[in-house]
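So the structure is just underneath, and the comments pick up after that.
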Amino acid sequence: MSDLYDEHEAPFEGDDAQERTFAALPPAQGRGFARTWWGQAWLKALEDTALDLAQLKAGRRLARAGAVGAVSVRPGRITAVVEDRGGVQHRSDVLLQRLDEDDWDRFLGMAAERAGHIAALLDRDMPPHLVEDAAAAGVELLPGIGDLEPSCDCDAWDHCAHTAALSYQLARLLDQDPFVLLLLRGRGERALLDELQVRSAARAEPAAPSREAEGVDAAEAYASGVVLPPLPAPPGPPAEPGEPPSLDTETPAPAGTDVAALGFLGAQAAAEAHRLLTDALAPGHEQRPPRPELTTAQDAARLAAAAPDRRVAARLAQGSGRDREGLALAARAWEHGGVAALRVLEEEWTPDAESAARARAALEAAWDADERPALRAVRGRWTASGTDAQLRLGRDGRWWPYRKERGRWAPAGPAASDPASALATALGTGEE
């Protein structure tokens, strides 16, 4: 397939690693394309952006069949030759905006402050708190809706089957190495690690004492009193939540006080305050509507997701009107999607005519007629015949995977725009 590359754009892997080329991956028949949460975030950006679900389905089919050639990754662009079902080869590209120098300076400064971030990257891991800390510093690492721009010589105006196949294939590469995403954003692995090492060493060195007096001479300041200096920049959020005060004191607790529950609530209040502060200082916060206040049952699910001890979990279950197994299911739903996932678990609804029509169209487009599984619909829930897998339609039009466990339907993963992806998660066919 390499004959479709222009000579000056031929893929290579130089010493500076400003371009990396990955050999064509083997077919992935019957397997998912993303195992890691950041690989799934990449696919979510693709599926939320594409306007034609049929093209996504065709792209998945091409990727599964091994029709995507060697993938070239360089700052701002991924490229591959994709062979369609008729044997015609197409040069396909997907573009992602590179971070500018200010963005990289903020990201590197943030990462150098926490050794855990550097260690995670070296282990080929991208923990959620690294991405959250980067976002708090004003740097969005993962793509969002509309960030993946397709370009293909088949002249499609939106994501075609070829660019979709390339995007699905890249999710597999991201699973193996998150540095692929950082290269797409503009920095190769070696340059990135070298800069982090320099910054970490600089932070470890004691500052040399200044020989000059700091500040401004009093007479000079008095003479120019009409000129005020600019206000300092507001401080950023702390790197992690603070520790609540210890309740292990010599003074006995008042009668009826559950010390373990009180300590747990204190730690969760600190974590929630840190999240709210980080969110409030993030760029664009003022443009987002405030989140509605949680109900008692919703807040109990949020707290249960933090894995309290058995006594605290029992009190949360009782206070929210659930049994312990019901609370465990609610906590799993919360981890997969917060309030929206919790509603899909506990609220059964019947789609109106318009929503039902959109759902049927999505189901028909997700599979070829000879591949479409038998689904039995009851209100907003579709159960795959002969399996323990179920799809649930959320009120926002997204599909949630469910799996039957010990006689109860349990959340199996986050929502997807495409019912085929959600069903693959429910069936447990994700890539290992």
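General remarks:
Table: residues versus (1) basic (Lys, Arg); (2) closer than 30 Å to residue 399 by Cα; (3) surrounded by fewer than 20 Cβ atoms within 10 Å (Cβ to Cβ).
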| position | (1), (2), (3) |
| --- | --- |
| 38 | no, yes, no |
| 50 | no, yes, no |
| 66 | no, yes, yes |
| 99 | no, no, no |
| 123 | no, no, yes |
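- Residue among 160, 154 that alone is over 23 Å from the mean Cα position of the chain (by Cα), hydrophobic (A, V, I, L, M, F, W, C) and open to solvent by 10 Å² or more (accessible area, probe 1.4 Å): 154
- Number of the exception - residue 294 against (1) assigned to a loop (DSSP other than H, G, I, E, B); (2) in contact with an Asp or Glu (Cβ under 9 Å, 6 or more places away or on another chain): (2)
- Close contacts from segment 47-73, counting a first residue that is closer than 21 Å to residue 180 by Cβ and without any contact (Cβ under 8 Å) to a residue 40 or more places away in the chain and a second that is in a helix (DSSP H, G or I) and open to solvent by 40 Å² or more (accessible area, probe 1.4 Å), with Cβ to Cβ under 8 Å and a gap of 6+ residues or different chains, come to none at all.
- Contacts under 7 angstrom Cβ, first residue in segment 122-138 being in contact (Cβ under 8 Å) with a residue 60 or more places away in the chain, partner open to solvent by 80 Å² or more (accessible area, probe 1.4 Å) and part of a loop (DSSP other than H, G, I, E, B), 6 or more apart: 138/283
- Residue within segment 268-291 that is in contact (Cβ under 8 Å) with a residue 40 or more places away in the chain, open to solvent by 60 Å² or more (accessible area, probe 1.4 Å) and under 27 Å from residue 36 (Cβ atoms) present: yes
- Test: residue in segment 107-121 that is touching a residue at least 24 places away in the same chain (Cβ under 8 Å), in a helix (DSSP H, G or I) and either open to solvent by 70 Å² or more (accessible area, probe 1.4 Å) or under 30 Å from residue 160 (Cα atoms) (or both): yes
- Pick from segment 317-351, criterion aliphatic (A, V, I, L, M) and open to solvent by 30 Å² or more (accessible area, probe 1.4 Å), ranking: nearest to residue 409 (Cα to Cα): 328
- Test: residue in segment 127-141 that is among the aliphatic types (A, V, I, L, M), part of a loop (DSSP other than H, G, I, E, B) and out of contact with any Asp or Glu (no Cβ under 8 Å at 6 or more places or on another chain): yes
- Hits in segment 84-103 - residues which are under 27 Å from the mean Cα position of the chain (by Cα) and assigned to a loop (DSSP other than H, G, I, E, B): 96, 97, 98, 99, 100
- You will find that of 226, 216, 180, the residue that is of a type outside the set (Lys, Arg) and at pLDDT 70 or above is 180 and no other.
- Lone qualifier among 420, 424, 377 - being assigned to a helix (DSSP H, G or I), aliphatic (A, V, I, L, M) and out of contact with any helix residue (DSSP H, G or I) (no Cβ under 7 Å at 6 or more places or on another chain): 424
The values are calculated or read from the model by the stated rules, or taken from the named source; none is laboratory data. Every value quoted in this text rests on a predicted model; they were computed, and no experiment measured them. Virtual Cβ from ideal backbone geometry, glycine too; neighbours counted across all protein chains shown. Accessible surface areas use protein heavy atoms only, side chains included; no ligands, DNA or RNA. Shrake-Rupley method; radii C 1.70, N 1.55, O 1.52, S 1.80 Å.
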